[in-house]
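Q: Encoded as structure tokens, here's the structure I'll be asking about.
The values are calculated or read from the model by the stated rules, or taken from the named source; none is laboratory data. From a predicted model like this one, the values you see are computed outputs, not experimental measurements. Cβ sites come from the backbone with ideal geometry, for glycine too, and all protein chains shown count toward neighbours.
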Amino acid sequence: MNLGLTDKVALVSGASRGIGFAIAAGFAAEGCKVAITARNQGLLHAAAERLADSAGAGRVLAIAADMADEGAVADLLERVESRLGPVDAAVANAGSGAARDGIELTRSDWQAALDANLFPAVVLAGALLPRMAARRQGSLTLVSSIAGIEAIGAPIPYAAAKAALDAAVKGYAQWVGAAGVRVNAVAPGNVFFPGGSWARKFEDAGSKALFLEYIEREVPLRRFATPREIADVVVFLASARAGFVTGAVVAVDGGQLRSV
């Protein structure tokens, strides 16, 4: 299927590895010019070199940035536009599942979860959506989690931050829909990739068996997702083929969620 993304400009945050890198690679495979960002400059530039092999010279731009910093995000957008052109499709993927669990949580515990999982996305949205609305085109996709939709045992601050992200998607879609701009979210389930949270859990052989049993019990497809499987949905949502989809939170979880 031709998604109609050739020569469009895609911006992906949290793109140095895992889901974010797979999303950037998906856009590159569709013929996009791709800007990627993350905080770790070394990992980011290694990712850019890998992307350039398929995207071609001059079609990949890597800029290290803290996506929760309004000034850094404004500078990022200016640099992307000056080098590649206005952003047609953006993906807010920066985040972290590392959060304190339980109910005896401090304000700093909650702040850390919001700083990692809500603010990087809404800061990008606040800076980018007015630009897209002025051009009357563009899409923004936020990477959420099924933990924001249903109680699955994730740390409460993490789940609450993702639920707030899902609510923001609905609000943004209402604000910019009349300008032809679309805002959606993808909510992954359990995704396995080297260096990811599940890979770190598997370092303990005793825990690995318990986690595999959990996947067998809770996920009807009885396996983990790959980053590519999440990326394919994200890239589709950014394309004209999904032109009537906005304000949606799409679960990509192998059937794990039970709610209707």
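Q: Looking at (1) small (Gly, Ala, Ser); (2) in a loop (DSSP other than H, G, I, E, B); (3) touching a residue at least 40 places away in the same chain (Cβ under 8 Å), which is the only condition GLY255 fails?
A: Failed condition: (3).
Q: So, one more: Enumerate the pairs (first residue in region 207-235 and over 30 Å from ALA90 (Cα atoms); second residue anywhere and aromatic (Phe, Trp, Tyr)) with beta-carbon separation below 6 Å, excluding pairs fewer than 6 apart on the same chain, so at least 6 apart or on different chains.
A: LYS208/PHE202
To keep it simple, each residue is scored yes or no on (1) farther than 22 Å from THR6 by Cα; (2) assigned by TED's automatic domain parsing to the domain that holds ALA240; (3) touching a strand residue (DSSP E or B) at 6+ places or on another chain (Cβ under 6 Å); (4) surrounded by fewer than 23 Cβ atoms within 10 Å (Cβ to Cβ).
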| position | (1), (2), (3), (4) |
| --- | --- |
| ARG79 | no, yes, no, yes |
| SER82 | no, yes, no, yes |
| ALA94 | yes, yes, yes, no |
| ILE156 | yes, yes, no, yes |
| ASN184 | no, yes, yes, no |
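Q: If you don't mind, another one. Just to be sure before I move on: is ALA90 touching a residue at least 60 places away in the same chain (Cβ under 8 Å) and assigned to a loop (DSSP other than H, G, I, E, B) in the structure I sent? Spell out how you get there, then give the answer.
A: Numbers: touching a residue at least 60 places away in the same chain (Cβ under 8 Å): yes; assigned to a loop (DSSP other than H, G, I, E, B): no.
So ALA90 does not fit the description; no.
Q: Residues to consider are VAL250, VAL245, VAL235; find the one that is modelled with pLDDT of 90 or more, within 19 Å of the chain's Cα centre (by Cα) and assigned to a loop (DSSP other than H, G, I, E, B).
A: On the way: VAL250 fails: assigned to a loop (DSSP other than H, G, I, E, B); VAL235 fails: assigned to a loop (DSSP other than H, G, I, E, B).
Unique residue meeting the criteria: VAL245.
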